[in-house]
Every structure is written in structure tokens, then in C-alpha cells.
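First comes the structure, then the notes that go with it.
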Amino acid sequence: MMDRIYMDHGATSPMLPEALDIMTGILRNAYGNPSSIHGTGRQARKIVEEARRQAAKALNALPEEIFFTSGGTEGDNWALRGMTARGGHVITSSVEHHAVLHTCAALEKHGIVSTFLPVDENGRVRLEDAERAMRENTCLVSLMLANNEIGTIEPVKEVCASAHARGIPVHTDAVQAFGGIPVDVQELGVDILSLSAHKFGGPKGIGIMYVRKGTRLERYMTGGEQERRMRAGTENVASIAAAGAAMEAVSRSLPERIAKIRQMRDRLEEGIVREIPDVLINGGEAQRIPGCLNVSFLGLEGEAVLLRLDLAGIAASSGSACTAGSLDPSHVLMAIGRTRAQAQASVRFTLGVENSMAEVDEVLEVLPPLVADLRRLSGRA
């Protein structure tokens, strides 16, 4: 057995060396407040603005369109709350992250009505459904770029074009997408985009928000004058710098990252389908981000598979890390038409550049007898 194998990059990723090095150096040597006017403060300000430039370049945006947040959840909240401050109607999908779904539910208490679009059997929104949902008072469409549980890439570009033709702005939660596919805000056409650095090799607790120049987004955090009076609070200089470094590193190596991760994912998927009977690949017919593989092992509880994998030194998950501990089946899998039993039988493997083909082969050696043994113990062999 090899050292522990980590296949839960969808939950969080190890920090890239470029990000870790710059972060530790700043924590030691550049402790100033970027709002201070003395030399130490100006040094910190320069670091923040360099990271802003790196993030803008990675997204094909302008530096003044980049804001730093505490992560994807804050970014989603800011987009939804900031765009509905004057009232209106929101369109989103039934498979969004709970940072969007729960925020829409909270906004309904304040009179903001939301339409939740259905998806097809692979988790993809239909453009015609989005167009039918658009109203005169629709103030925002919020559609994730890639699903965090099954990896499906949503038609954000097409929805943007249709929404903009009606004067409706669009937000995308791109938390799971950046680092797995190209994310170009000009190509997509989105008005607001939210990211979380720890998903692509940066630190936890720092997010990146793109807001297209001219977008009427209300400020979310009030207090000081930071982030051009849009997001109050002293900037987390070291984490911001690490996020910028991670974005630059990922962008520089993206084609190679995509190719390597996709090859490993495909080998894992093919091996599971070949060696283990009675499995479902969730979202397998859709265009997916390269590292995501969601499998239902029919007749079993996904949690039982995960526990046995963990004992074997393999880390995976049962879906979104943000819903760990919930007894409810995945809302994403239910939305694509899986039964409750099929949804609860699911395991999500999410691979990253740190993984290797040798690790994939190790998982394929461990997993078939593990599943067979669990089925035997449950009387379902």
C-alpha cells in the first residue's frame, strides 16, 4: 500500500508551492496594513495590487474589476444580495451550491422571488428553460459554471447572450471550474464571477470576485473604505498574494493540467466500469471538468464505501464537502433523476495534478474487492 491517496480535490486542494512560498514570506516580512500611508503599509498595498493584477490577467479582466473576499460563499452571497438590493426576480438552477440556493431562500423572506431551473439527466440546464423563465423584473441570472458534485459544465455563455439581449446581468459561481477549464470572463460574457482560492492551490479563507465595470452591484460588507469602498475590512495580504500566485501558476500550466487530470479520471472511470458491476456514472454523458468522477455503487451506502476507502488510505467524498454529515440525499443527484437509494450510493472522486497514474491503479486494485466485500456483508452480492 502506498502513502495516503488524496482524491478529494473538489473539497479542497493542497497549496501550490508558488502560493505557499509567497504566503509564508509575507507573513514573516510584510505585515503592514495596506491602508496605512507609511512605507510598511505601502509595501502591503503593492503586494495586494500585484495579486489583483495577476487575478485580472488570469480571468482576462481589468484589475479594477477584481475584488477580494473571504471565499466562494461570500462571493455568491454578495452577487445575489448586491444585485437584488432594489428588488426583482432571480433565476438560478436546481443544482447550484447551497451558497446560492440557501441565499435565494433567505432572500425570499424579503420579497425576492427565485425561479429554480430544472436540469437534464446529466445536470445541464436547458437554454430554452432559462429563456422562458426570464421576466421584465428579472434582475439576475445566477448559473454555476461547473457543478461541484458531478462536474457538469453549464451553458453559461449561451445563457449570458440570451440574458443580455433582455438587459439581464449574469453571475456565475466558478468555484469548481477555475483550474479545470479555461475561465475567460470576456469569452463567457458574465457580469459577476466568484472564485475560492483553496480549490486551485491557494489558501483557505480567500476568494476572488470579478465584477464587470458598470455593473450596479451594491456593497455587501460595510465599514471601512477598502476595496474601492465595495468590501470593507482590512485586506488579508498574505492570502491575497498567495491566491494571485496560484492563479498565475494555474493559468500558465492549464493545458498540461487539463490533459494530465483528464487522463487519470478517464482511466479511473474505465477501470471502475470494467471491474465493478452495477455502477452508475453520474453526469457521465455530459461535458465535465476533467477531475470529477461521481459514481453510485448500487445496493450500498456511499458512506460505507468512503469509510472503507479511508481505512485503506484513500480519501474521497460523498458529494459537496459543505453538506458533509447531512442525512439527505444529494440535491444534485435527485435533480438529475436518481432515486434516493441511487443518490445515497454515490461517491465522488476528484483528482488533481498532485495525483498520479500509479495512485489511480492503486485505487483500482483496492476498490473492486472492497465493494464486493461490502455487498457480501449487506447480503446484496
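Quick notes
- Members of the range 131-144 that are in contact with a strand residue (DSSP E or B) (Cβ under 6 Å, 6 or more places away or on another chain) and surrounded by fewer than 24 Cβ atoms within 10 Å (Cβ to Cβ): ALA133, ARG135, ASN137, THR138
- Residue match in the range 215-225 (condition: among the polar types (S, T, N, Q) and touching a strand residue (DSSP E or B) at 6+ places or on another chain (Cβ under 6 Å)): no
- Residues being farther than 30 Å from ARG45 by Cα and either open to solvent by 80 Å² or more (accessible area, probe 1.4 Å) or not in a helix (DSSP H, G or I) (or both) - total across the range 243-259: 2
- Selected residue (criterion: surrounded by the most Cβ atoms within 10 Å (Cβ to Cβ)) from residues of the range 67-90 that are hydroxyl-bearing (Ser, Thr, Tyr) and closer than 21 Å to ASN236 by Cα: THR69
- Residue that is nearest to GLU359 (Cα to Cα), among those in the range 16-48 that are crowded, with 20+ Cβ neighbours inside 10 Å and under 22 Å from the mean Cα position of the chain (by Cα): LEU16
- Test result for GLU96, over 15 Å from THR172 (Cβ atoms) and of a type outside the set (A, V, I, L, M): no
- Selection of the range 199-222 for residues being of a type outside the set (S, T, N, Q) and open to solvent by 30 Å² or more (accessible area, probe 1.4 Å) yields LYS199, LYS204, GLY205, ARG212, LYS213, GLY214, ARG216, GLU218, ARG219, TYR220, MET221.
- Checking ALA304 against (1) over 28 Å from ILE181 (Cβ atoms); (2) open to solvent by 30 Å² or more (accessible area, probe 1.4 Å); (3) in a loop (DSSP other than H, G, I, E, B), the condition it does not meet: (3)
- Restricting the range 149-172 to residues that are of a type outside the set (Gly, Ala, Ser) and open to solvent by 10 Å² or more (accessible area, probe 1.4 Å), the residue that is nearest to SER330 (Cα to Cα): ILE153
- The range 14-34 residues that are within 10 Å of ALA242 (Cβ to Cβ) and free of Cβ contacts under 8 Å to residues at least 40 places away in the same chain, paired with ones that are of a type in the set (S, T, N, Q) and exposed (fewer than 13 other Cβ atoms within 10 Å of the Cβ) (beta carbon under 6 Å, 6 or more apart): none
- Helices (runs of 4 or more DSSP H) (entirely within the range 31-138) containing at least 2 residues that are closer than 24 Å to ILE150 by Cβ: 72-83, 98-108, 127-133
Residues are listed down the side, and each one gets a yes or a no for (1) modelled with pLDDT under 95; (2) open to solvent by 10 Å² or more (accessible area, probe 1.4 Å):
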{"residue": "SER320", "(1), (2)": "yes, yes"}
{"residue": "THR323", "(1), (2)": "yes, yes"}
{"residue": "SER326", "(1), (2)": "yes, yes"}
{"residue": "HIS331", "(1), (2)": "no, yes"}
{"residue": "MET334", "(1), (2)": "no, yes"}
{"residue": "THR339", "(1), (2)": "no, yes"}
{"residue": "VAL347", "(1), (2)": "no, no"}
{"residue": "SER356", "(1), (2)": "no, yes"}
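The values are calculated or read from the model by the stated rules, or taken from the named source; none is laboratory data. This is a predicted model, so every value here is computed, not measured. Every residue, glycine as well, gets a Cβ built from its backbone with ideal geometry; the counts of neighbours run over all protein chains shown. Accessible surface areas use protein heavy atoms only, side chains included; no ligands, DNA or RNA. Shrake-Rupley method; radii C 1.70, N 1.55, O 1.52, S 1.80 Å.
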